[in-house]
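Asks: Quick one: the structure is below, questions incoming.
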Amino acid sequence: MDREALAQETYGILTSKRLTYHQKLIQLARQAENSLEVLQLPERFVKYFATRALCDMNEGNAPYRPRYVMVDYERFMKQGSEFLKIAPPKTLDEAIFALITLYYHVPSITTMPVYIGNLDTLLEPFLGGLSDEEIKAKLKLFLNYIDRTIADGYCHANLGPKDLRATRLLLECEKELKNAVPNFTIKYDRDQTPDSLMEQAILCALECANPAIANHQAHKDTYWDYGVSSCYNVLPLRGGSYILSRVVIPRLAKMAESTEQFLNEVLPDALLGLGQYMDERIRFLVEESGFFESSFLVKEGLIERENFTGMFGVAGLCDGVNYLLRDSGKRYGNDPEADDLAERIMTVIADFAASYPARYCEVSGGHYLLHAQAGLSTDAGVTSGVRIVVGDEPESLYDHLRHSARFHKFFPTGCSDIFPFEVTAKNNPAAVLDIVKGAFAEGDKYMAIYQSDSDLVRITGYLVKRSDIEKYDQGEVVLQDTIQNGSSNYKLNRLGERKVRSNE
């Protein structure tokens, strides 16, 4: 962007009547960052970036913090923080105070924490001597504080896989509050998580799209330990991800003269360009930005540079396959030939990621890890990750889930699908749980559900309220900044038309 265009865009932010003060502050900081040119951009990347076939996810021109930071909150609760002058908490009030103080100082690409911990595990030790009513009163204040101050749909909290008193009380609070923030995930493990807890979680999710459900057995051995952040990013605790960049399959497909040229020439060349670009961003962040030298999170052992990796994103597999097979009429998710081509594409990408050497990614064996990237608010014709485009979903939910499992296997750092259910599903949560169990047995890694008439809906992975979208579309200022992205994405990708499923 040239200086004149940057100045005009900055002035538009300054004078906007649809942004809060804090939303303006964040966007102005991004403008300042984008006024710099500190990276040596690889020629290959520049070539494909010009067509938007490779995408930097709007991370800014000068990386000065990792994209996603997964603080070891359990260590923090045990040791406190010398920097923040916080002693290890002894009561629930002290625990909540300690956490919300630390949250303010946890960076990310959004400027706010995208991961706030396995909340039930963190708070369980402090519940003794308190009644359920006393605990819920405190938890509701805690959750409302997060919703009103972090106020960003990418903020993520985890629950499970163990059945704790805190797990059930947090679910009760969420069902009553129906907050969009934090975005919850419950880790489901068939050997640890009882059906009664999962049925409570499913009833909560049907009513307020929260929590989503992670296949703990599929993820537990990916790193030494993991958390789910932002939309559904599975990342190592005490680390995270330096970066998320992506290849946009349909835009890349349009640069090829044939399917074979796409597979053998265009795609491998673009993947190399993306790898080289990610190398350069991470090099600057680690070697020049000073982040890891200056952060108290590093000095106090709450994060470690060696536990960070890079997320190699894939978006629009469905649309790319449909474009390459446009003359045959074969469609991804509906025809074996289309799905076989999709697997060939993913195999090329996975083989590249497994062989390409990535510096400063010790936790992932010196390589980047694949992520099913969920999309941007401006994406037209780019279906999230490896999902099936709205309108093409198979009639059978079980066929849909089997299709999902076929492609989830490629993505250690996160892949998900979203399923609206009929309102009658709440009458039989056990049947919905059987669907979840069947999906995970097939190899699905992560799924989200909500009731078709719920005000809270999932966009790509984060939550927004339809009522807030309506307010924003009418020109009103709204608290959560993800409403701005959600409003566009909801309409652009026809998310209100997702196929509604039954529990039969």
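All of the numbers you see were taken from the coordinates with simple rules; none came from a lab. Fair warning: this is a prediction, and the values are worked out from it, not measured in the lab. Note: ideal-geometry Cβ built from the backbone for every residue, glycine included; neighbour counts use all protein chains shown.
Asks: Just grab the label-to-label distance for Val348 and Glu199, each label 7 Å out from Cα along the Cβ direction, in nm (one decimal).
Replies: 4.9 nm
Asks: Further question on the same structure: What does the C-alpha gyration tensor say about the overall shape of the range 58-211? Classify as rounded when a/c is under 1.5, otherwise prolate if a/b is larger than b/c, or oblate.
Replies: Details: a/c = 1.73, a/b = 1.25, b/c = 1.38.
Judged from the Cα gyration tensor, the range 58-211 comes out oblate (a/c at least 1.5, b/c at or above a/b).
Asks: Could you tell me which of rounded, prolate or oblate describes the range 1-137, using a ≥ b ≥ c as the square roots of the eigenvalues of the alpha-carbon gyration tensor, with rounded for a/c under 1.5 and, failing that, prolate when a/b is larger than b/c and oblate otherwise?
Replies: prolate
Asks: Once you put a point 7 Å from the Cα of Glu257 and another 7 Å from the Cα of Val298, both along the Cβ direction, what distance in nm separates them?
Replies: Between Glu257 and Val298, the label points sit 4.9 nm apart.
Asks: Most exposed first by the Cβ proxy, i.e. fewest other Cβ within 10 Å, how do Leu263, Leu92, Leu25 rank?
Replies: With the sparsest Cβ surroundings first, the list reads Leu25, Leu263, Leu92.
Asks: Measuring from centroid to centroid over Cα atoms, what is the spacing of the range 376-429 and the range 11-74 in Å?
Replies: Answer, in whole Å: 29.
Asks: What FRET efficiency comes out for the pair Lys85/Glu362, r = Cβ-Cβ distance, R0 = 35 Å, nearest 0.05?
Replies: Approximately 0.60, to the nearest 0.05.
Asks: Also: Say R0 is 56 Å: what FRET efficiency, to the nearest 0.05, do Glu337 and Asn144 get from their beta-carbon distance?
Replies: The pair Glu337/Asn144 has a calculated efficiency of 0.65.
Asks: Given axes a ≥ b ≥ c from the Cα gyration tensor, I'd like to know whether the range 362-504 is rounded (a/c under 1.5), prolate (a/b larger than b/c) or oblate. Please list the in-between numbers first.
Replies: On the way: a/c = 1.90, a/b = 1.15, b/c = 1.66.
Here the range 362-504 falls in the oblate category.
Asks: Please work out the FRET efficiency for the pair Tyr21 and Ala380, using the Cβ-Cβ distance as r and a Förster radius of 25 Å; give the result to the nearest 0.05.
Replies: Result of the calculation: an efficiency of 0.20.
Asks: Under 14 Å from a point 7 Å along the Cα-to-Cβ line of Leu6: which residues of the range 59-75 have their amide N that close?
Replies: Flagged as within label range: 60-63.
Asks: Please compute the net charge surrounding His22, taking Lys and Arg as +1 and Asp and Glu as -1 over other residues with Cβ under 12 Å from its Cβ.
Replies: 0
Asks: Can I ask one more? Just how far, in whole angstrom, is the range 230-304 from the range 77-108 if you go by their alpha carbon centroids?
Replies: Using only Cα atoms to place each centre, the spacing works out to 31 Å.
Asks: Which peptide among 461-472, 49-60 comes first, and what is the full order, when sorted by highest mean count of other Cβ atoms within 10 Å? Working shown, then result.
Replies: Numbers: 461-472: 20.5, 49-60: 17.2.
So the order, starting with the most tightly packed, is 461-472, 49-60.
Asks: For the pair Arg165/Val500, report the inter-label distance in nm, with labels modelled 7 Å from Cα in the Cβ direction.
Replies: 4.0 nm
Asks: Next question. Can you bin every Cα-Cα distance in the range 191-323 into 5 Å intervals starting at zero and give me the percent of pairs per bin, rounded to whole numbers?
Replies: Once binned at 5 Å, the Cα pair distances of the range 191-323 give 2, 8, 13, 13, 14, 13, 14, 11, 8, 4, 1.
Asks: To make sure I understand, if each residue's beta carbon is the centre and we count other beta carbons within 10 Å, what order do Phe262, Phe410 fall in, fewest to most?
Replies: Result, fewest neighbours first: Phe410, Phe262.
Asks: In addition: Given (i) 23, 51, 24, 2; (ii) 23, 59, 17, 0; (iii) 18, 45, 32, 5, 0 as candidate values of P(r) over Cα pairs in 20 Å bins from 0, in percent, which corresponds to the one derived from the coordinates?
Replies: Recomputing P(r) over Cα pairs in 20 Å bins from 0, in percent here picks out (ii).
Asks: Also, quick follow-up: Kindly provide the helix-only [θ] at 222 nm of the chain, computed as the sum of -39,500 (n - 2.57) over DSSP H runs of four or more divided by all residues, to the nearest 500 deg cm²/dmol?
Replies: Calculated at 222 nm, the ellipticity per residue is -12500 deg cm²/dmol.
Asks: Where both partners of a DSSP beta bridge lie in the chain, what percent of those bridges are antiparallel, to the nearest 5?
Replies: 35 percent
Asks: Antiparallel versus total DSSP beta bridges in the range 160-308: what percent is that, nearest 5? Numbers along the way, then the final one.
Replies: Numbers: 4 of 9 bridges.
Taking every DSSP beta bridge with both residues in the range 160-308, the antiparallel ones total about 45 percent.
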